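Here is the structure we will look at, set down as structure tokens.
Where a number appears in this text, it was derived from the coordinates with a stated rule and is not lab data. Just so you know, these numbers come straight off a predicted model, no measurement behind them. FYI the Cβ positions are ideal-geometry reconstructions off the backbone, even for glycines, and counts take in every protein chain you see.
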Amino acid sequence: MGLVAEIFISFMLVVGGIFGLLGSWGLVKLDDTMRRLHAPTKATTLGVGGVLFASMAYSVLELERVSFHELLIAAFLLITAPITANFVAKAHMHRDVKERELPPTGGKYGWAGYDEIGDSEQPIDTK
Amino acid sequence: MLGAILRRVFPHPQLTAFLVVVWLLLVNTISVGNLVLGVVLSVLIPGITQPFWPDRPHVARPLRAIEYVLIVIWDIIAANVTVARIILFKSNADTHSHWIVVPLELRSPEAITMLAGTITMTPGTVTAMLSADASHLLVHCLHTDDPDAVRDEIKSRYERRLKEIFE
């Protein structure tokens, strides 16, 4: 394997490591649960992404075969990360956020965690 | 008659095709044996799970979806840098977090889910809640001095494209 390839793979690993560290640091530093959610949902994506990219580059350049597992990991991560964040946000709001702390919806009904709507009027399941 | 049989065997053709691709990626080698096994699984799984998929999402313009995915990937990279800079260089007192209300024009559950996921993954915003009648989305923004501009960008950059894809 050439020196250039080694430098490239190491660079991707270091970038991934830095973003992973920053995501965790944000989790410690930020002071409110909703703010804290921003750090792991974003900074960590690029952290894992960098490592996956390095792994793909390694198998192509060093082992001389194409590996697809990293693509799958990335796809599953992109699908599951926002869902986890939504769950955490909703659980936090149920526990610690009062409805009056939130802006009004501007529509006929309130936010799904605080307001109810009859089953017949419900366009989609928001519970 | 033939149509009825086909619908029985392939209740969800897109899901079947998708599962074949995922299977081949999982085994990491493309051979005839793997392909056959993948096809068998991909016919069986949608058949068994059919009761969980009563609706079929209607994708009007699949090609637009590719453009959307590329834009979102680029925005995720930008989002990582933005959030990293806020975490590193801004004190908690200087960070102006806001709740933002995004009125929705999208009506299909799949499109709203896509939009909510995209908002969570992209610059400084996390989706928190949907209104009870699914007409508004509550978004938390980590740092902004102009909440209205963030709302307008979400609407023009993501919602407009999703509307083209799904409706």
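Quantify how much of the Cα-Cα distance distribution of region A:21-107 extends past 22 Å, in percent.
When all Cα pairs of region A:21-107 are counted, 45 percent exceed 22 Å.
When you have a sec, figure out the Kirkwood radius of chain B from all distinct Cα pair distances and drop it here in Å to one decimal?
When all Cα pairs of chain B are included, the Kirkwood radius is 18.7 Å.
Give me the three principal axis extents of the protein assembly as shown from the C-alpha atoms, as integers in angstrom, largest value leading.
On the principal axes, the protein assembly as shown reaches 63, 60, 32 Å in Cα extent.
Which pairs, out of A:K98/B:K163; B:K90/B:K163; A:K90/B:K163; A:K108/B:K90, put more than 31 Å between their alpha-carbon atoms?
Table pairs above 31 Å Cα-Cα are A:K98/B:K163; B:K90/B:K163; A:K108/B:K90.
Efficiency by 1/(1 + (r/R0)^6): what FRET value for B:N28 and A:L77, r their Cβ-Cβ distance, R0 = 22 Å, to the nearest 0.05?
Efficiency, from the Cβ-Cβ distance: 0.75.
To the nearest 500 deg cm²/dmol, what mean residue ellipticity at 222 nm is calculated for chain A from DSSP H runs of n ≥ 4 alone, each contributing -39,500 (n - 2.57), summed and divided by the residues?
That calculation yields -23500 deg cm²/dmol at 222 nm.
Of all GluC sites (Glu not before Pro) in region A:1-83, which ones are in loop regions per DSSP and have a Cβ with at most 11 other Cβ atoms within 10 Å?
A:E64
I need the phi-derived Karplus couplings for region A:68-78: 6.51 cos²θ - 1.76 cosθ + 1.60, θ = phi - 60°, integer Hz, Gly and Pro marked x.
Calculated HN-Hα couplings, in order: 9, 4, 4, 4, 5, 4, 4, 5, 5, 5, 5 Hz.
Output the 0 to 90 degree angle, nearest 10, between the alpha-carbon long axis of helix A:33-61 and the longest principal axis computed from the alpha carbons of chain A.
For helix A:33-61, the angle is close to 30 degrees.
How much net charge surrounds B:A84 when only the other residues with a Cβ under 13 Å from the Cβ of B:A84 are counted, with Lys and Arg +1 and Asp and Glu -1?
Residues near B:A84 contribute +4 overall.
Once all Cα-Cα distances of region B:37-133 are split into 10 Å bins that start at 0, what whole-number percent is in each one?
12, 29, 31, 19, 8, 2
State the answer as a single residue: which of A:L46, A:V60, A:L13 lies farthest towards the positive end of the charge dipole of region A:1-66, with beta carbon charges of +1 for Lys and Arg and -1 for Asp and Glu, about the Cα centre.
Looking along the dipole axis, the top candidate is A:L46.
Over region B:1-160, what relative contact order in percent results from Cα pairs under 8 Å that are six or more residues apart?
Dividing the mean separation by the residue count of region B:1-160 yields 19 percent.
Using the number of other C-beta atoms within 10 angstrom as an exposure proxy, rank B:L88, B:L138, B:L41 with the fewest first.
Ordered by Cβ neighbours within 10 Å, fewest first: B:L88, B:L41, B:L138.
Under a Cβ-Cβ cut-off of 10 Å, what is the net charge of the residues other than B:P103 that fall near it, where Lys and Arg count +1 and Asp and Glu count -1?
Cβ neighbours under 10 Å give a net charge of 0.
Just add up the charged neighbours of B:E164: K/R +1, D/E -1, any other residue whose Cβ is under 9 Å from the Cβ of B:E164.
Result for the neighbourhood of B:E164: +4.
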